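Worksheet: one structure, shown below.
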Amino acid sequence: PLEEQDLVTQVPLSEMKGLSPELLRTLNEGRFTLLTDVLDLEREDAFKIPGMTEELVEQLMQFLADLDPEESQAAEARAPEAEAEEGKADADADADAEPDGPPAPGTEPAPAATKAEPPAGEPVAEG
């Protein structure tokens with residue numbers, strides 16, 4: 001019997017979300033009809049499929065990256081400009097989160113004692 005993972009990869013591509021009709025047609029014509037057929041497909045190999053364009057290869061690679069979190073991280077590493085843009089957005093969000101400057105009135109912490117004083121009525125030991 002097939003293992004559960006094998007059953008998952010035997011899904012027809014036509015039942016998967018995220019693939020355009022044009023990409024599905026091109027893959028089907030190239031005899032790529034199941035998820036397992038494209039799961040380990042490299043970018044260079046995708047270009048070998050008759051009718052594949054840069055746009056269709058990009059769509060397929062993004063589809064595969066979305067299926068596999070590790071592959072998604074690898075795809076981000078291959079696109080540093082996209083990651084840099086995302087980092088900039090994160091920095092902007094951080095800047096909005098906590099303004100610099102003095103605390104709002106009524107929210108200041110109590111001042112810390114600068115000199116330890118003995119309780120009243122006790123002798124002070126001098127050394």
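The values are calculated or read from the model by the stated rules, or taken from the named source; none is laboratory data. All values derive from a computational prediction rather than experimental measurement. Virtual Cβ from ideal backbone geometry, glycine too; neighbours counted across all protein chains shown.
Contact map, region 36-54: first residue more than 21 Å from Pro21 (Cβ to Cβ) and in contact (Cβ under 8 Å) with a residue 12 or more places away in the chain, second residue surrounded by 12 or more Cβ atoms within 10 Å (Cβ to Cβ) and aliphatic (A, V, I, L, M), Cβ cut-off under 7 Å, separation 6 or more or different chains; pairs are Arg43/Val57; Arg43/Met61.
If the condition is being assigned to a helix (DSSP H, G or I) and polar (S, T, N, Q), then region 27-58 contributes Asn28, Thr36. One residue stands out among those in region 46-81 that are at pLDDT below 95 and of a type in the set (D, E, K, R): the one that is nearest to Leu27 (Cα to Cα), which is Asp66.
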